[in-house]
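For reference, the structure discussed in these notes is given below.
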Amino acid sequence: MVIKGNEVTDLSFLKNITQVAGDLNIDQTGVTSLNLDNLESVGGDLIVYGNEKIKALDVPKILSIGRNLVLNGNRDLIEISGFYEIVSIHHLAISDNWYLTTIPEFNKLESLTETMQITENTHLKEIRGFDSLVCATGIQIHGNDDLVKIDAFHSVVKILGTFGGLTITVNSSVESIEGFESLEQVSYLILSQN
């Protein structure tokens, strides 16, 4: 299901949907908030991209996403809530959301079969959680100008993959990185300009 266009300003028709068999792509709409109150599963990708006016995204009941979760380019997005029960996804990208100050903790997420990117969220202050995550092929935390603290990833044992590794770069305000104390294997490790 693709919902696209600045003229789309009301997505209340999605409020009763519990399952999407394939992808759910909400792309460059004019909505100011998105509440997927009853959504429990997406068989493919869940993508919220380029919605410049959106301020809040809430997906409180979602249990599974078949492939990727991509929350990118939502310039005015301040708050993301939900995703409490997600255990596994392929790829997680939270990028280019300028006014986003916090992200969900994803505390039940155990594995990422691909990479995680938390990048270019200018006003993101803190990354917490991911306490059940054990393995990923890559974790990139980059260019979050106001990021002060990372207190997450305490159970991650390995970050291995062709394009994997742990990269924490160009987060100019970072004062503290706590976590990764269980890390045993990593393809590469880059900590720079933090």
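The values are calculated or read from the model by the stated rules, or taken from the named source; none is laboratory data. Owing to the predicted nature of the structure, the values given are computational and were not obtained by experimental measurement. Quick reminder, even Gly has a Cβ in these numbers, built from the backbone with ideal geometry, and neighbours come from all protein chains shown. SASA here: full protein model, heavy atoms, side chains in, ligands and nucleic acids out. Shrake-Rupley method; radii C 1.70, N 1.55, O 1.52, S 1.80 Å.
Can you work out the FRET efficiency for the pair Thr102 and Thr169, with r the C-beta to C-beta distance and R0 = 22 Å, to the nearest 0.05?
Numbers: r = 21 Å, r/R0 = 0.95.
Efficiency for this residue pair is about 0.60.
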So, over other residues within a Cβ distance under 13 Å of His142, counting Lys, Arg +1 and Asp, Glu -1, the net charge is -3
For the chain, what is the relative contact order in percent, using Cα pairs closer than 8 Å and at least 6 residues apart in sequence?
12
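For region 1-120, what is the convex hull volume of its Cα atoms per residue in Å³?
Numbers: hull volume 9.4 nm³, N = 120.
Each residue corresponds to 78 Å³ of Cα convex hull volume.
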Taking a crude spin-label model, label points 7 Å out from Cα along the C-beta direction, the Asn16 to Asn38 distance in nm is 0.6
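Figure the gain on full extension for Val2 and Glu181 (residue separation times 0.36 nm, minus the Cα-Cα span) and round it to one decimal in nm. List each step's numbers first, then the result.
Values: separation 179, 0.36 × 179 = 64.44 nm, distance 4.07 nm.
Full-extension gain reported as 60.4 nm.
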For the chain, what proportion of DSSP beta bridges, expressed in % and rounded to the nearest 5, is antiparallel?
0
Calculate what fraction, in whole %, of the accessible area of the chain sits on carbon and sulfur atoms when a 1.4 Å probe is rolled over the protein chains.
48
Could you state how much accessible area Tyr49 has, in square angstrom rounded to the nearest 10, with a 1.4 Å probe and all protein chains kept in place?
100
Between Lys158 and Asp23, what is the spin-label point distance in nm, taking each point 7 Å from the Cα along the Cα→C-beta axis?
3.1
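For region 73-194, build the convex hull from the C-alpha positions and give me its volume per residue in Å³.
Values: hull volume 9.8 nm³, N = 122.
Normalising the Cα hull of region 73-194 by residue number yields 80 Å³.
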